[in-house]
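The values are calculated or read from the model by the stated rules, or taken from the named source; none is laboratory data. Keep in mind it's a predicted model, so treat the numbers as computed, not measured. Cβ sites come from the backbone with ideal geometry, for glycine too, and all protein chains shown count toward neighbours. What goes into the accessible areas is simple: the full protein's heavy atoms, side chains included, and nothing from ligands, DNA or RNA. Shrake-Rupley method; radii C 1.70, N 1.55, O 1.52, S 1.80 Å.
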Amino acid sequence: MKKITYNLIIVAFLSIFGCNKKENNNQPQKEQMENIQVSDYGVTAKGDSIRKFTLTNKNGMKMEVINFGGIITSLTAPDKNGKYEDVVLGFTKPEDYFNGNPYYFGALIGRYGNRIANAKFTLEGKTYDIDKNDGPNSLHGGKQGFHTKFWNIEPVKDAKFPTLKLTYTSADGEEGYPGKLSTIVLYTLTDDNALEISYEAETDKPTVVNLTQHSYFNLSGNFSKTILDHELQINGDKFTPVNETLIPTGEQNAVKGTPFDFTASKAIGKDINAEDDQLKKGKGYDHNWILNGSGLRSIAKVFHPESGRMMEVLTDEPGVQFYSGNFLDGKFENKTGGKNEFRTGFCLETQHFPNSPNQASFPSTELKPGQKYQSKTIYKFSVKK
Ligand code: BGC
């Protein structure tokens, strides 16, 4: 692996052989080595070796992350009987992540999560054409977005919980975006069964940024079951309706009295097939909710009655894309023996609103030199009996 740092090689070596006395005297470092294992994951068509990092918390919850796309390939959570099972969708073959990852399974998304209309925007009087990869629009940073990049990954020494630091520098002009963008993402697996994700970015020219994580969840632990029985609550009184190509119209509509009302918990499947123009456009839910409140706050809860698994989402972002897996089409094997079929996973992608660079009424996604982009999201797992 080209990009592996010396540090990492040392940590990996120590975690396998546990033979360095100096490191063993240092408590946090020792825990770090026990809690983060590094192994080979696969080789891309171009011959790059990809590594897998396995984080384990004190309860035995595990997360697997690869240095291709910053992809979370597995994340376990306990059910009501204390059984830990994988709750994120993924492929069974490494090459399916490397050769396109058509659903963006588990990936870090950048530079711009969600769509930008007509794959262009104007900033300080200059128009930028970005990669058009979704009909007339640009989706998730373009075809070669951050989900296809090699991320440098290092375990963070002295961290309280197992933490990975992922870094990637996007060159000025990459996928059409201005400015060299230096990005840092931290993945932490806490002892209260939460995955914390912190994003930071800096630029050397005015640009736009909207980073997110694209894990699909299925709390049943069986990826052949649909997520329609999961009960969802979203702290958002409004959403941004879309046009035929899923670009927000600019309106901010109340959810009350519509199938988009998740202010009180209800099954995802309850209204998903209702006669509704917005549901038709999204082929189900594929919309941005305008979240109530600001700062790091609880914005959504998902409960799977059969398993008792519960997931709470906290973020400091103004929006979340609730996507009910409407484009999953059964073309790839899932990890529990069936296919990744229609609506067998859902995403809650915390974000600024889609197409903000072209929509002055939406919160700004601009980043200027000297400013720091910062964003935080937490997916916290528990059980409800
Ligand atoms: C979008 C969907 C898109 C999917 C790709 C989601 O974030 O909202 O429209 O199809 O990503 O897997």
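Condition (residue is outside any strand (DSSP E or B), touching a His at 6+ places or on another chain (Cβ under 7 Å) and in contact (Cβ under 8 Å) with a residue 12 or more places away in the chain) applied to segment 315-329: is it met by at least one residue? First the steps, then the outcome.
The first filter runs over segment 315-329 and keeps only residues outside any strand (DSSP E or B), leaving 316-318, 324-329.
Keeping just the survivors that are touching a His at 6+ places or on another chain (Cβ under 7 Å) gives 317-318.
Next, only the ones that are in contact (Cβ under 8 Å) with a residue 12 or more places away in the chain stay: 317-318.
Checking segment 315-329: at least one residue is outside any strand (DSSP E or B), touching a His at 6+ places or on another chain (Cβ under 7 Å) and in contact (Cβ under 8 Å) with a residue 12 or more places away in the chain.
Listed here are the residues, each with its yes/no results for (1) buried (at least 24 other Cβ atoms within 10 Å of the Cβ); (2) within 25 Å of GLN278 (Cα to Cα); (3) of a type outside the set (Phe, Trp, Tyr).
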| site | (1), (2), (3) |
| --- | --- |
| SER182 | no, no, yes |
| ASP191 | no, no, yes |
| LEU195 | yes, no, yes |
| GLU200 | no, no, yes |
| LYS205 | no, no, yes |
| GLN213 | yes, yes, yes |
| SER224 | no, no, yes |
| LEU232 | no, yes, yes |
| ASN235 | no, yes, yes |
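Might you check whether a residue that is within 16 Å of the ligand (Cβ to nearest atom), more than 21 Å from GLY293 (Cβ to Cβ) and not aromatic (Phe, Trp, Tyr) occurs anywhere in segment 353-360? Let's see the steps before the verdict.
Just the residues of segment 353-360 that are within 16 Å of the ligand (Cβ to nearest atom), to begin with: 353-356.
Among the residues that remain, those that are also more than 21 Å from GLY293 (Cβ to Cβ) are: 355.
Next, from what is left, pick out any that are not aromatic (Phe, Trp, Tyr): 355.
Yes: segment 353-360 contains one or more residues that are within 16 Å of the ligand (Cβ to nearest atom), more than 21 Å from GLY293 (Cβ to Cβ) and not aromatic (Phe, Trp, Tyr).
When only residues in segment 95-115 that are of a type in the set (Gly, Ala, Ser) and open to solvent by less than 30 Å² (accessible area, probe 1.4 Å) count, which is nearest to HIS147 (Cα to Cα)? Spell out how you get there, then give the answer.
Going through segment 95-115, the residues of a type in the set (Gly, Ala, Ser) turn out to be 100, 106-107, 110, 113.
Within this subset, residues satisfying the condition of being open to solvent by less than 30 Å² (accessible area, probe 1.4 Å) are 106-107, 110, 113.
Numbers: GLY106: 9, ALA107: 5, GLY110: 7, GLY113: 11 Å.
So, considering only residues that are of a type in the set (Gly, Ala, Ser) and open to solvent by less than 30 Å² (accessible area, probe 1.4 Å), the one nearest to HIS147 (Cα to Cα) is ALA107.
Could you say which residue among THR263, THR245 is in contact (Cβ under 8 Å) with a residue 24 or more places away in the chain and within 16 Å of the ligand (Cβ to nearest atom)?
On the way: THR263 fails: within 16 Å of the ligand (Cβ to nearest atom).
Sole residue among the options that is in contact (Cβ under 8 Å) with a residue 24 or more places away in the chain and within 16 Å of the ligand (Cβ to nearest atom): THR245.
Could we say that GLY337 is more than 13 Å from the ligand (Cβ to nearest atom), small (Gly, Ala, Ser) and open to solvent by 10 Å² or more (accessible area, probe 1.4 Å) here?
Values: more than 13 Å from the ligand (Cβ to nearest atom): yes; small (Gly, Ala, Ser): yes; open to solvent by 10 Å² or more (accessible area, probe 1.4 Å): yes.
In short, yes.
Quick one: LYS126 ticks every box in (1) touching a residue at least 60 places away in the same chain (Cβ under 8 Å); (2) open to solvent by 50 Å² or more (accessible area, probe 1.4 Å) except a single one, so which number is it?
Result: LYS126 passes all but (1).
Among the residues of segment 142-175, write down those that are closer than 30 Å to SER39 by Cβ, more than 18 Å from the chain's Cα centre (by Cα) and in a helix (DSSP H, G or I).
GLU174
For every residue, the table says whether it meets (1) touching a strand residue (DSSP E or B) at 6+ places or on another chain (Cβ under 7 Å); (2) polar (S, T, N, Q).
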{"position": "GLU196", "(1), (2)": "yes, no"}
{"position": "ASP204", "(1), (2)": "no, no"}
{"position": "VAL209", "(1), (2)": "yes, no"}
{"position": "TYR216", "(1), (2)": "yes, no"}
{"position": "LYS225", "(1), (2)": "no, no"}
{"position": "LEU228", "(1), (2)": "yes, no"}
{"position": "GLU231", "(1), (2)": "yes, no"}
{"position": "ASN243", "(1), (2)": "no, yes"}
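Let me confirm something: among PHE223, PHE262, which residue is in a loop (DSSP other than H, G, I, E, B) and in contact with an Asp or Glu (Cβ under 9 Å, 6 or more places away or on another chain)?
Selected residue: PHE223, the only one of PHE223, PHE262 that is in a loop (DSSP other than H, G, I, E, B) and in contact with an Asp or Glu (Cβ under 9 Å, 6 or more places away or on another chain).
Determine which member of the set GLN351, GLN278, GLN321 is farther than 17 Å from GLN233 by Cα and in contact with a strand residue (DSSP E or B) (Cβ under 6 Å, 6 or more places away or on another chain). Steps first, please.
Details: GLN278 fails: in contact with a strand residue (DSSP E or B) (Cβ under 6 Å, 6 or more places away or on another chain); GLN321 fails: farther than 17 Å from GLN233 by Cα.
After ruling out the rest, the residue left standing is GLN351.
Take the conditions under 19 Å from the mean Cα position of the chain (by Cα) and under 18 Å from THR377 (Cβ atoms) and apply them to LEU139. Does it pass? Please lay out each step first, then the result.
On the way: under 19 Å from the mean Cα position of the chain (by Cα): yes; under 18 Å from THR377 (Cβ atoms): no.
For LEU139, the condition - under 19 Å from the mean Cα position of the chain (by Cα) and under 18 Å from THR377 (Cβ atoms) - is not met.
Condition check ((1) open to solvent by 30 Å² or more (accessible area, probe 1.4 Å); (2) out of contact with any Leu (no Cβ under 9 Å at 6 or more places or on another chain); (3) of a type in the set (Ser, Thr, Tyr); (4) within 25 Å of THR183 (Cβ to Cβ)) across all residues:
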position: ASN35; (1), (2), (3), (4): yes, no, no, yes
position: THR44; (1), (2), (3), (4): no, yes, yes, yes
position: GLY60; (1), (2), (3), (4): yes, yes, no, no
position: VAL65; (1), (2), (3), (4): no, no, no, yes
position: GLY69; (1), (2), (3), (4): no, no, no, yes
position: ILE72; (1), (2), (3), (4): no, no, no, yes
position: PRO78; (1), (2), (3), (4): no, yes, no, no
position: LYS83; (1), (2), (3), (4): yes, yes, no, no
position: VAL87; (1), (2), (3), (4): no, no, no, no
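Of the residues VAL320, VAL302, which is touching an Asp or Glu at 6+ places or on another chain (Cβ under 9 Å), within 14 Å of the ligand (Cβ to nearest atom), under 26 Å from PHE105 (Cβ atoms) and open to solvent by less than 10 Å² (accessible area, probe 1.4 Å)? Working first, answer last.
Values: VAL302 fails: within 14 Å of the ligand (Cβ to nearest atom).
Unique residue meeting the criteria: VAL320.
Within segment 285-299, how many residues are in a loop (DSSP other than H, G, I, E, B) and either surrounded by fewer than 20 Cβ atoms within 10 Å (Cβ to Cβ) or more than 20 Å from the chain's Cα centre (by Cα) (or both)? Write out each step before concluding.
Quick first cut of segment 285-299, residues in a loop (DSSP other than H, G, I, E, B) only: 285, 291-296.
Next cut, either surrounded by fewer than 20 Cβ atoms within 10 Å (Cβ to Cβ) or more than 20 Å from the chain's Cα centre (by Cα) (or both) only: 292-296.
Within segment 285-299, residues that are in a loop (DSSP other than H, G, I, E, B) and either surrounded by fewer than 20 Cβ atoms within 10 Å (Cβ to Cβ) or more than 20 Å from the chain's Cα centre (by Cα) (or both) number 5.
List the residue pairs whose Cβ atoms are under 8 Å apart, where the first residue sits in segment 33-47 and is over 18 Å from LYS62 (Cβ atoms), the second is in a strand (DSSP E or B), and the two are 6 or more positions apart or on different chains.
Within 8 Å, the pairs are GLY42/SER49; GLY42/ILE50; VAL43/SER49; VAL43/ILE50; THR44/ILE50; THR44/PHE68.
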